[in-house]
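Structure record follows, encoded as structure tokens.
The values are calculated or read from the model by the stated rules, or taken from the named source; none is laboratory data. Computed from a predicted structure; not experimentally measured. A quick note on method: Cβ atoms are made from the backbone with ideal geometry, for glycine too, and the neighbour counts reach across all protein chains shown.
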Amino acid sequence: MENKILEFASEQRLDDRVIEREFTLGEIPGTLWTPESATPAPLVLMAHNNGLPKRDSRLVARARITAAHGYAVATIDAEGCGDRPRSTADEQIRAELRRAMQAGAPRDEVDEIFESLVGPLVEKAAPEWLTTLDALLSLPEIGGPGESVGSVGYSGWMALGIRLAAVEPRIAAVGFFAGGYVPRAQREEARQVTIPLLMLLQWDDEGNPRRRALDLFDAFGSKEKTLHANLGGHTGTPAFELEDGNRFFGRHLSRHLT
């Protein structure tokens, strides 16, 4: 992807001593949260599942708490997310998926529709996230331009995170939510992920088979990987897991918090 200029469109200081800035990078819209401290902060990329917008309330809450803990946190709307238009083909696949799920179609049939939707989403999103990473690491408040390896964390959408962790050496640690369909390509790429990993699993997630999540956890190549399983449905992840996640990143990013 050609070089783009990162431009900030707005800035506000929030009541939790966090600065929130909206930015654009070419056609990519994003949000950056940073602590008020003048010290360069470790960067955590935070992505939501399957096309939800960067202003989703759960993502924003996670980002603000993480930034208040001392990290810079960034998210973007990749192609087809938020206000960025979806293709006609995308809309047709989503409609087909809704019909299949409402009709109680067999799992194999639903999986094939998910594959045709989520696989292209990952392929389109990953280059935009990597372009954004390049731009953000040039900012003096985020680790500085000299950082090349082991300076970044990733939190959120597992399918995208697997791809980024497999190809980007600057990502030092990943936190995944075990939810959402993971395409075949990323299930294979999981074996290439060798950095420290924390995976959160909701034991009673109504839309994501538990066995599949456990098999994927087993497939990761990381020598240091941790699974936290909690009772409850898809959106019931306990709040304390966010604090544990911040401590996890504090152990593994190259610029540790003091």
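Numbers below:
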| quantity | calculated |
| --- | --- |
| Unique residue being under 15 Å from Tyr154 (Cα atoms), small (Gly, Ala, Ser) and modelled with pLDDT of 95 or more when the list is Ala74, Ala47, Ala63 | Ala74 |
| Some residue of segment 132-142 being surrounded by 22 or more Cβ atoms within 10 Å (Cβ to Cβ) and either over 20 Å from the mean Cα position of the chain (by Cα) or part of a loop (DSSP other than H, G, I, E, B) (or both) | yes |
| Residue check, Thr39 free of Cβ contacts under 8 Å to residues at least 60 places away in the same chain and either in contact with a Gly (Cβ under 6 Å, 6 or more places away or on another chain) or part of a strand (DSSP E or B) (or both) | no |
| Failed condition for Gly161, given (1) surrounded by fewer than 17 Cβ atoms within 10 Å (Cβ to Cβ); (2) of a type outside the set (Lys, Arg); (3) touching a residue at least 40 places away in the same chain (Cβ under 8 Å) | (1) |
| Residue match in segment 183-201 (condition: over 19 Å from Ala173 (Cα atoms), modelled with pLDDT of 90 or more, in contact with a helix residue (DSSP H, G or I) (Cβ under 6 Å, 6 or more places away or on another chain) and surrounded by 13 or more Cβ atoms within 10 Å (Cβ to Cβ)) | yes |
| Answer residue from segment 21-37, given it is out of contact with any Leu (no Cβ under 6 Å at 6 or more places or on another chain) and charged (D, E, K, R) and is surrounded by the fewest Cβ atoms within 10 Å (Cβ to Cβ) among those | Glu27 |
| Whichever residue in segment 202-226 is touching a strand residue (DSSP E or B) at 6+ places or on another chain (Cβ under 9 Å) and basic (Lys, Arg) and, among such residues, is surrounded by the fewest Cβ atoms within 10 Å (Cβ to Cβ) | Arg210 |
| Members of segment 79-113 found to be farther than 24 Å from Arg55 by Cβ, among the acidic types (Asp, Glu) and in contact with a helix residue (DSSP H, G or I) (Cβ under 8 Å, 6 or more places away or on another chain), listed by number | Glu96, Glu109 |
